[in-house]
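To keep things clear, I will list the structure first and then write my remarks on it.
The values are calculated or read from the model by the stated rules, or taken from the named source; none is laboratory data. Note that this is a predicted model, so its numbers are computed, not measured. Glycine also receives a Cβ, built like all others from the backbone with ideal geometry; neighbour counts cover every protein chain displayed.
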Amino acid sequence: MSMAAEQGRICALAAKGQRDLAKVAAAYPELFPVRPFDAALFGNVAMAIAFGAPWCDLDQLRVTNRMVLWGFAVDWLVDHEARSRDEIDKLTARCLAVADGARPEEGDHLGAFLAELRDELATAPAFATHQDRWREEIRTVLTAMAREWDWKQTPDQLPDFEDYLANSANLACTVVNVGHWIHVGDPGTLKQLDPLLAASDQVQRILRLVNDLGTYERDLRWGDLNALMLVPRADVERRIADLVAQTRRMLAPLRESCPVAADYLARQIGFSSGFYRSTDFWGTP
């Protein structure tokens, strides 16, 4: 009974997060069209974050949830709306300017949403010290998404599996994690930010591949890249196992110095491994 009660509490946290994300989407209708940004996507995002950090309350997870949603918006604009590399480069430049503190340009809905996130993160004492790390992760995500867009323009010259895996920042996982840790502001976690981000990048690679195993058919329909287009499923499964083992070794010392943050990363792997067995985040385009 106690386990069910705890699961119920986490689901309630996710429900509150879903309502908050729905409010964000309603405030930016141009950024979040109802297809594919349906209610299930908001619920899936909030559920993943709630189960990843069930010890937090909604105030602590609000920025985390919203940062995930911002990543989905970038992914949609770059992967499915952009018609030229110049368009993507301009989007990237606008977002990086906002991350540096600039006002978003008129009509830049993505930049306006990012400015809201930046301003809320700026209320955290740790932001002044770690803003550059957050900005660098935003740059890394935008660069990775642009690189994948380039790959998709030459379907007869796809990247090899190692290059594809090295570009896993297009999943926008680590950028969410660094924002989460800055916002929560735990001193022990922030002291270990460098090894935590290295572990987060490893988790990001695992999630990239776990995602690909669960979304291959959809990626074929949508024209997206997927690891299964590059190597057999057995190779992807072996690499996931290797990456999980490596990540466990990386997290072992962190469980002593920052156990909550280490558990947060481990739970991301566990949740995604179960989630992608039967569904994924996106709605119908």
Of all residues in region 228-278, count the ones that are more than 17 Å from the chain's Cα centre (by Cα), outside any helix (DSSP H, G or I) and either basic (Lys, Arg) or at pLDDT below 95 (or both). 2
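Could you please find all residues in region 24-49 being of a type in the set (Gly, Ala, Ser) and farther than 19 Å from Leu121 by Cα? Lay out the reasoning, then the answer.
Taking region 24-49 and keeping what is of a type in the set (Gly, Ala, Ser), we get 25-27, 39-40, 43, 46, 48.
Matches in region 24-49: Ala25, Ala26, Ala27, Ala39, Ala40, Gly43, Ala48.
Would you be able to say whether some residue in region 235-243 is of a type in the set (Gly, Ala, Ser) and either at negative phi or out of contact with any Asp or Glu (no Cβ under 8 Å at 6 or more places or on another chain) (or both)? Reasoning before the result, please.
To start, the set of residues in region 235-243 that are of a type in the set (Gly, Ala, Ser) comprises 241.
So of that shortlist, the ones also either at negative phi or out of contact with any Asp or Glu (no Cβ under 8 Å at 6 or more places or on another chain) (or both) come out as 241.
Yes: region 235-243 contains one or more residues that are of a type in the set (Gly, Ala, Ser) and either at negative phi or out of contact with any Asp or Glu (no Cβ under 8 Å at 6 or more places or on another chain) (or both).
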Given the criterion free of Cβ contacts under 8 Å to residues at least 60 places away in the same chain, in a helix (DSSP H, G or I) and aromatic (Phe, Trp, Tyr), identify the matching residue among Trp134, Trp149. Trp134
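Please specify each residue of region 45-76 satisfying the condition of being in contact (Cβ under 8 Å) with a residue 40 or more places away in the chain, among the aliphatic types (A, V, I, L, M) and part of a helix (DSSP H, G or I).
As a first pass, look at region 45-76 and keep what is in contact (Cβ under 8 Å) with a residue 40 or more places away in the chain: 45, 48, 50-58, 60-76.
Subset that is among the aliphatic types (A, V, I, L, M): 45, 48, 50, 53, 58, 61, 63, 67-69, 73-74.
Of everything in region 45-76, those that are in contact (Cβ under 8 Å) with a residue 40 or more places away in the chain, among the aliphatic types (A, V, I, L, M) and part of a helix (DSSP H, G or I) turn out to be Val45, Ala48, Ala50, Leu58, Leu61, Val63, Met67, Val68, Leu69, Ala73, Val74.
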